[in-house]
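**Student:** One structure follows; several queries about it will come next.
The values are calculated or read from the model by the stated rules, or taken from the named source; none is laboratory data. Here the structure is a predicted model, which means the values were calculated and not measured. Note: ideal-geometry Cβ built from the backbone for every residue, glycine included; neighbour counts use all protein chains shown.
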Amino acid sequence: MSARVSILRSSAAHAILIAYTVIALYPVLLIVINSMKSRRAIFNEPLAFPTPETFDLVGFHTVFEQSDFFLYFQNSLIVTLASLFFVLLFGAMAAFALAEYRFRGNLLMGLYLALGIMIPIRLGTVAILEIMVAANLVNTLTALVLVYTAQGLPLAVFILTEFMRQVSDDLKNAARIDGLSEYRIFFTISLPLVRPALATVAVFTMIPIWNDLWFPLILAPSDATKTLTLGSQVFLGQYVTNWNAVLAALSLAILPVVVLYLIFSRQLIRGITRGAVK
Amino acid sequence: MGNLTLHGICKSFGAVDVIHDVDLEVRHGEFCVFVGPSGCGKSTLLRMIAGLEDITAGEVRIDGALVNTVPPSKREIAMVFQSYALYPHLNVRDNMALGLKQARFPRAEIDAAVRRAAKMLDLDPYLSRRPAELSGGQRQRVAIGRAIVRKPKLFLFDEPLSNLDAALRVQTRIEIANLHRELGATIIYVTHDQVEAMTLADRIVVLRDGRIEQVGAPMELYRNPANEFVAGFIGSPRMNFLDAPALGQPGKSLGIRPEHLSFSRDGGQIEGRVSHVEQLGGETLIYLHADPHGLVTVRLFGEHAAEVDERAFITPDMARAFHFGADGQRLAA
């Protein structure tokens, strides 16, 4: 009896989850299948899978031939990984300081650093552009890395501070008695213990940076510094859009995010469930 | 050598004063136990000696040298924590060796020190395991090993047995006592358990609300408590405090330990009703309700029968009773 109830219950749960997965993956699937079809087939039957007659990789050919796809790809990767590195490093350091040290204005400092979560950085676009012009950083990847680091830090500090507080004080004190410097305590003891939180922050930080169109368009639109998202826009014209190429470029853009996500996901799940169980 | 001197030590967290003007002298080789109820400041005091907390006022001297501003690693101390605090990413050997490696000792010397400590604590088979693969008792032995390896002037123990189960606690307690005999080192040990304090200490420091209530050898505190708090804290089961005026005695309360009361059904000084009986085999604890004294504990050796709700009498051994005034201080005999 109870076994049957639980089978019913778990199949219901699975049905809901599968339905959600289908809905969430549907647009992605649509992009991927249409990227492999001829232009006519995309418009005739947008929902059909590619068949031998409609299968066509012209979009991919266009992407590879007409644009500096690999350069854009490389730019995106450099910007995303560099920003991610700095967000995690500085975010974790700030979180460590806020969680570990008693100093005047600790709470205020924490709130100040978290303020950025509520205020979208795009409100400051004009000022940022002026700063970048003054600093001679327009059309460099550095400009993007700086902006994205600033954009990612508030959430990183906010989440990591909570996790840093959970690292045992005794452990850090034992290390102090053993003569470890504060930097070594941070790198060898605190940081490994908050790894699941780092993965969570990494995923939340990485995706908006990879997908962003706004700042590359404004700060680094030159051909040498275009990111993948911006690079794909050349196929979207005011009058004519090369859908094959757009869909192919988007399909390719999905890949690295999936790879990075897979790397972080094991840790991510631990990070999400940890707060729940303990 | 390992002499410790505390002079006028105070500690405040913001506006809250947690330690008030503590003076204490711990001689080389002494096993000194800080005991008191939770929140009395004993751990804070220990952490100030270790250098993990700032000192608001006063002086901490180790072997005569002022160490107020010396960082923990330079004070030549070692500390064992309640939560073991082992480095999760290092194996047992590296956990014990880390302090010496930081101090740039030669490798051969580190190896020898680790091996010696491992032998002393029966940790040889576990040297290449990670802390996660050890039991609670083994972890605590590693933590103690990590302290021994450093050959410190002072060993600081912060409730090291609190996380162990009862049987292991007794065993580890004996090991710590043996260790003290073997090393002859100065040990400062914090606990809230008066049994640990009584069994381990050369000298007990009883703390309450950040003040020292009394300092003395275990039996000195048992036989000669300075005030009602110490009298109630040292000894198990707890001392009874009877209503002194009702017994025609001076002071406000008459302190008498459960083992210094005689029990009888036929007659005695105080009449009461048995409310609970605990048979422990070797001894019997009888809880008696007597007006106006409240619940009185009687400790009898061997097995004794008593019925709940039966009428009974107790008589204090006046030679072993203590008189306390209204302020809780002991009255001169």
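**Student:** Please enumerate the residues belonging to the stretch B:1-31 that are over 19 Å from B:Asp209 (Cα atoms) and not acidic (Asp, Glu).
**Tutor:** Matches in the stretch B:1-31: B:Met1, B:Gly2, B:Asn3, B:Leu4, B:Thr5, B:Val26, B:Arg27, B:His28, B:Gly29, B:Phe31.
**Student:** Can you name the helices (runs of 4 or more DSSP H) wholly within the stretch A:47-134 that have at least 2 residues being at pLDDT 90 or above and in contact with a Phe, Trp or Tyr (Cβ under 6 Å, 6 or more places away or on another chain)?
**Tutor:** Here the list reads A:69-100.
**Student:** Among the residues of the stretch B:65-82, which ones are more than 8 Å from every other protein chain (Cβ to nearest Cβ) and within 19 Å of the chain's Cα centre (by Cα)?
**Tutor:** Passing the criteria: only B:Val80.
**Student:** While we're looking at this one, here's another question. Mind checking whether some residue in the stretch B:72-92 is farther than 30 Å from B:Tyr126 by Cα, part of a loop (DSSP other than H, G, I, E, B) and not basic (Lys, Arg)?
**Tutor:** no
**Student:** Which of the residues that make up the stretch B:180-193 are surrounded by fewer than 22 Cβ atoms within 10 Å (Cβ to Cβ) and either part of a helix (DSSP H, G or I) or among the hydrophobic types (A, V, I, L, M, F, W, C) (or both)? Spell out how you get there, then give the answer.
**Tutor:** The initial filter retains those residues of the stretch B:180-193 that are surrounded by fewer than 22 Cβ atoms within 10 Å (Cβ to Cβ), namely B:180-185, B:192-193.
Hits for the stretch B:180-193 are B:His180, B:Arg181, B:Glu182, B:Leu183, B:Ala185.
**Student:** A further question follows. List every residue pair whose Cβ atoms lie under 7 Å apart, where the two residues are 6 or more positions apart in sequence or sit on different chains, the first residue falls within the stretch A:20-48 and is more than 15 Å from A:Asn242 (Cβ to Cβ), and the second residue, located anywhere, is in a helix (DSSP H, G or I).
**Tutor:** Sorted first by the residue in the stretch A:20-48, then by its partner, the pairs are A:Val28/A:Ile254; A:Val32/A:Ser251; A:Pro46/A:Asn34.
**Student:** A further question on this structure: Inside the stretch A:135-154, can you point out the residues that are without any contact (Cβ under 8 Å) to a residue 40 or more places away in the chain and in a helix (DSSP H, G or I)?
**Tutor:** A:Thr142, A:Leu146, A:Ala150
**Student:** Assess whether A:Ser190 counts as being hydroxyl-bearing (Ser, Thr, Tyr), within 14 Å of another protein chain (Cβ to nearest Cβ) and in contact with a helix residue (DSSP H, G or I) (Cβ under 8 Å, 6 or more places away or on another chain).
**Tutor:** yes
**Student:** Spot the failing condition for A:Asn44; the list is (1) of a type in the set (S, T, N, Q); (2) surrounded by fewer than 15 Cβ atoms within 10 Å (Cβ to Cβ); (3) under 24 Å from A:Leu230 (Cα atoms), and only one is missed.
**Tutor:** (3)
**Student:** Got at least one residue in the stretch A:156-168 being of a type in the set (Asp, Glu), within 22 Å of A:Ala92 (Cα to Cα) and within 26 Å of the chain's Cα centre (by Cα)?
**Tutor:** Within the stretch A:156-168 (the criterion being of a type in the set (Asp, Glu), within 22 Å of A:Ala92 (Cα to Cα) and within 26 Å of the chain's Cα centre (by Cα)), the answer is yes, since at least one residue qualifies.
**Student:** Within the stretch B:83-98, how many residues turn out to be buried (at least 19 other Cβ atoms within 10 Å of the Cβ), within 27 Å of the chain's Cα centre (by Cα) and either facing chain A (nearest Cβ under 9 Å) or under 14 Å from B:Leu156 (Cβ atoms) (or both)?
**Tutor:** 4
**Student:** Kindly evaluate B:Arg104 against the criterion of being over 31 Å from the mean Cα position of the chain (by Cα) and either under 12 Å from A:Arg176 (Cβ atoms) or within 11 Å of chain A (Cβ to nearest Cβ) (or both).
**Tutor:** yes
**Student:** Further, regarding this structure: Restricting to the stretch B:114-128, what's the tally of residues that are of a type in the set (A, V, I, L, M), outside any loop (DSSP other than H, G, I, E, B) and over 16 Å from B:Thr172 (Cα atoms)?
**Tutor:** Here the count works out to 1.
**Student:** Within the stretch B:112-151, can you find the residues that are touching a strand residue (DSSP E or B) at 6+ places or on another chain (Cβ under 9 Å) and surrounded by fewer than 22 Cβ atoms within 10 Å (Cβ to Cβ)?
**Tutor:** Matches in the stretch B:112-151: B:Lys151 only.
**Student:** Then there's this: Output yes when any residue across the stretch B:32-42 is closer than 24 Å to A:Leu171 by Cα and either among the β-branched types (Val, Ile, Thr) or within 13 Å of chain A (Cβ to nearest Cβ) (or both), and no when none is.
**Tutor:** Yes: the stretch B:32-42 contains one or more residues that are closer than 24 Å to A:Leu171 by Cα and either among the β-branched types (Val, Ile, Thr) or within 13 Å of chain A (Cβ to nearest Cβ) (or both).
**Student:** Any idea which residue in the stretch B:43-64 is nearest to B:Asp23 (Cα to Cα), counting only those that are more than 14 Å from every other protein chain (Cβ to nearest Cβ) and either in a loop (DSSP other than H, G, I, E, B) or among the β-branched types (Val, Ile, Thr) (or both)?
**Tutor:** The qualifying residue nearest to B:Asp23 (Cα to Cα) is B:Val60.
**Student:** Might you let me know whether the stretch B:240-250 holds any residue that is among the acidic types (Asp, Glu) and within 29 Å of the chain's Cα centre (by Cα)?
**Tutor:** No, the conditions are met nowhere in the stretch B:240-250.
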